[in-house]
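Notes to accompany the following structure.
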């Protein structure tokens, strides 16, 4: 019974975090230590004309930073790619996910 309660509480918290922050294209995880400097990446040849490069970034996994390599992505008509990035808040660090931004 205790395990089920812990599991349900964890699921509810994860849902709350994702729901409340996903509209802002980021997830607040309250990290106290800032990310390492970005790595220099070798951008491989573009596989298709018009594809967009999404830069690599430091992700937060299992209570530590892990490098997520950059990748090529198919474009979305009428949109531009905005890379994600870390920013400091008054109570820790947060990551704003990369996302497609519609042109106006």
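The values are calculated or read from the model by the stated rules, or taken from the named source; none is laboratory data. Keep in mind the model is a prediction, meaning the values are calculated, not measured. Reconstructed Cβ throughout: ideal geometry from the backbone, glycine too, with neighbour counts over all protein chains shown.
State whether the residues of segment 21-43 include one that is surrounded by 10 or more Cβ atoms within 10 Å (Cβ to Cβ), in a strand (DSSP E or B) and at pLDDT 95 or above. Among the residues of segment 21-43, not one is surrounded by 10 or more Cβ atoms within 10 Å (Cβ to Cβ), in a strand (DSSP E or B) and at pLDDT 95 or above, which makes the answer no.
Scanning segment 60-77 for residues that are more than 16 Å from residue 32 (Cα to Cα) and either in contact with a strand residue (DSSP E or B) (Cβ under 6 Å, 6 or more places away or on another chain) or modelled with pLDDT of 95 or more (or both) gives 67, 68, 69, 70, 71, 72, 73, 74, 75, 76. The set of residues in segment 47-104 that are assigned to a strand (DSSP E or B), free of Cβ contacts under 8 Å to residues at least 24 places away in the same chain and under 13 Å from the mean Cα position of the chain (by Cα) comprises 61, 66, 68, 82, 87.
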